[in-house]
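Remarks on the structure that follows.
Derivation of every value follows stated rules applied to the coordinates shown; laboratory data play no part. Nothing here was measured: the structure is a model prediction, and the numbers come from that model. Because the Cβ atoms are built from the backbone with ideal geometry, glycine has one as well, and the counts that use them run over all protein chains shown.
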Amino acid sequence: MDNQTIVLALPPDERGLYFDDDLLNELGVLGRVVVSSPTDFPREIGDATVLISNSSLPSLTGDIVARAPGLRLLAHTGSTVKRIMTPEAWQTGIRVVLGGSEITESVAETAVEFTIALLHRTNRIDHALRTGRSWQEARDVPLRRMVDGAKVGVIGASRIGRAYLRRMQALGADIAVTDPYLDAETAEQLGVRVLDLDDLLRESTVVSLHAPVTESTIGLIGAQELALMADGSVLVNTARAALLDGTALLAELRTGRIDAALDVHDHEPLPAESEYRTLSNVLLTAHTAGNTLESRRAAGRKTVQHITRFCRGEALGDEVTEAMLATMA
């Protein structure tokens, strides 16, 4: 395809994290590059064939896509387009590719980081020292645990879930997985045991969430499920907040019976008055699990590769269709 117009609609302060000069030059070979932003792009997509986005892009409403009759490809640097691609956008026939598969390793690494920190009670010790508790009180946390030999339950054998379990296996963890789409042969290849959700929660010292949000997984972990977790066990969520019943989770955490590390939240930004901020048994981050320099650079490279294949009329990798969204994050 010739005469492409590629609109780069990333925030100015993030653009360089994904696309260095070399990658921008590669895009320039493919067509005319319009450097825009999530705020300005609706006024600049009239001639666009390709739109490059990240999670800052607003939803592609019917009004917006009507301004870009030639738009044929959304090249998204993130990992989900559920909010961005509206029914009106899908109806235009826009194809969608994801560069965000490259965040897999960063999210998995963050989940491992959370796991070790919670098992070592680092969050509780840090909180005690920062809030003026005595040295001895900081030491008198629940007994610290090692990863080696720990029973780790993985909810969702997704791409990130598998990257996480491989890392945990390398550290000596005993892995069990619950996932309705995981067959026995694949489980054997992964070297994991398959359990139903209740049994996994009962036996695991660590429970790590890696499932997509679908109709069947919203509120997957509620009060009844949390009650199955053993005293002193830990919960890690780098996936989606909607997998957890937030009211039930907060009630359970108030008891101090379990610890949790949360990168995703029901309300983002997390309100300043959120009780989660006050609890010593909670480790919090600001939805940053996938945001490493390496993952963003890799996403930029992958995005340019996708656009190159599109412009050459070649088969696309990491393509997403509307029908696929029901089982995707």
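Compute the distance in nm between two label points, each set 7 Å from the Cα along the Cα-to-Cβ direction, one at A272 and one at E314.
In this crude spin-label approximation the distance works out to 5.1 nm.
Enumerate the residues in region 251-293 having an amide nitrogen under 17 Å from the point lying 7 Å beyond the Cα of L143 toward its Cβ.
Hits in region 251-293 for L143 at 17 Å: 257-259.
Determine ³J(HN,Hα), in whole Hz, for all residues of region 71-81 in sequence, where each value follows from phi through the Karplus function 6.51 cos²θ - 1.76 cosθ + 1.60 and θ = phi - 60°; x replaces Gly and Pro.
5, 10, 9, 9, 9, 9, 7, x, 10, 8, 10
Give the shape of region 152-212 as rounded, prolate or oblate, defined through the alpha-carbon gyration tensor: a ≥ b ≥ c are the square roots of its eigenvalues, a/c under 1.5 means rounded, and otherwise the shape is prolate if a/b is larger than b/c and oblate if not.
Rounded, since a/c falls under 1.5.
Quick one: net charge around L98, please, counting Lys, Arg +1 and Asp, Glu -1 for every other residue with C-beta under 12 Å from its C-beta.
Around L98, the surrounding residues sum to +1.
Go ahead and estimate [θ] at 222 nm for the chain from helices alone: -39,500 (n - 2.57) per DSSP H run with n ≥ 4, summed, over the residue count, rounded to 500.
-10000 deg cm²/dmol
What is the spin-label model distance, in nm, from D63 to M324 if the labels are put 7 Å beyond Cα along the C-beta direction?
Calculated label separation equals 3.1 nm.
Spelling out what I want: for every residue of region 163-179, take phi, set θ = phi - 60°, compute 6.51 cos²θ - 1.76 cosθ + 1.60 (Karplus), and round to whole Hz; glycine and proline get x.
Karplus values, whole Hz, x for Gly and Pro: 5, 5, 5, 4, 5, 5, 4, 5, 8, x, 6, 9, 9, 10, 10, 10, 6.
Work out the length of the dipole vector of region 104-284 about its Cα centre, built from +1 on the beta-carbon of each Lys and Arg and -1 on the beta-carbon of each Asp and Glu, and round it to the nearest 20 debye.
700 debye
Choose one answer from G132, G191, G100: the residue with the largest mean-square fluctuation in a GNM of the chain with alpha-carbon springs under 10 Å.
G132
Please list, ordered by chain and number, the residues whose modelled amide H lies under 5 Å from the amide H of R145; skip anything fewer than 5 residues away on the same chain.
The list, which skips near neighbours in sequence, is H120, R121.
Taking a ≥ b ≥ c as the square roots of the Cα gyration tensor eigenvalues, with a/c under 1.5 meaning rounded and otherwise prolate when a/b beats b/c, else oblate, which class fits region 288-329? Each step should come with its number before you reach the end.
Numbers: a/c = 4.50, a/b = 1.12, b/c = 4.03.
Oblate, because a/c is 1.5 or more while a/b does not exceed b/c.
Express in nm, to one decimal, how much length is gained between S56 and R43 on full extension, taking 0.36 nm for each residue of separation and deducting their alpha carbon distance.
Once the chain is fully extended between S56 and R43, it gains 3.0 nm.
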